[in-house]
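Taking it in order: structure first as structure tokens, then the write-up.
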Amino acid sequence: MIEKGKKPISLQEASRVSPYSADYLSLILRKGKLEGFKKDGKWFTTEEALEDYTQRVAEANFQRQEELNVRIPAVENRRALANLKWALALAMIFVFALLAVWQMERGKNTTGGFLVEKDEQNNLIIRVENPDEIKSVRIVPKE
């Protein structure tokens, strides 16, 4: 209820001095968020009550914005961590693919523990793990 000594104003007058429409002011009056009263089927409030409501809304919006400012970096951190995990996974796949290609290239000249290389004079060098197991070497032209 409105205190004595404060001049009541109609919602139409209140809507002219505030950012709110008369319909919205009627709604918040009925919900009990704005001080006022109903007389002869019309709603009334005071400029002081309207200023108080506007101040409370502004403070609540400021608080909500402050909470959002705190939450956003946390969301960004989670996204950055997820992106980092994906980047590391892709890097590992790339490294394993390079190792596989390198092994395949390295293994092109190997058969059963032998490595065949050419030196600078075009001589073939056959490297073996256990030379004692070699009984003979046969050179066959490529078909």
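Each Lys and Arg adds +1 at its Cβ and each Asp and Glu adds -1 at its Cβ; summed about the Cα centre, the chain shows a dipole of about 640 debye. As a rough guide to protection, the peptides 25-34, 78-87, 127-136 ranked by mean Cβ packing within 10 Å, highest first, stand as 25-34, 78-87, 127-136.
Semi-axes of the equivalent ellipsoid for the chain, computed as √(5λ) from the eigenvalues of its C-alpha gyration tensor and ordered from largest down, come to 93, 13, 11 Å.
Computed over the chain, the per-residue total of -39500 (n - 2.57) for DSSP H runs of n ≥ 4 gives a 222 nm mean residue ellipticity of -18500 deg cm²/dmol, rounded to 500.
Each reported figure results from applying straightforward, stated rules to the coordinates on display, with no laboratory input. Since this is a predicted model, take the numbers as computed values, not measurements. Cβ atoms come from the backbone with ideal geometry, glycine included; neighbour counts cover every protein chain shown.
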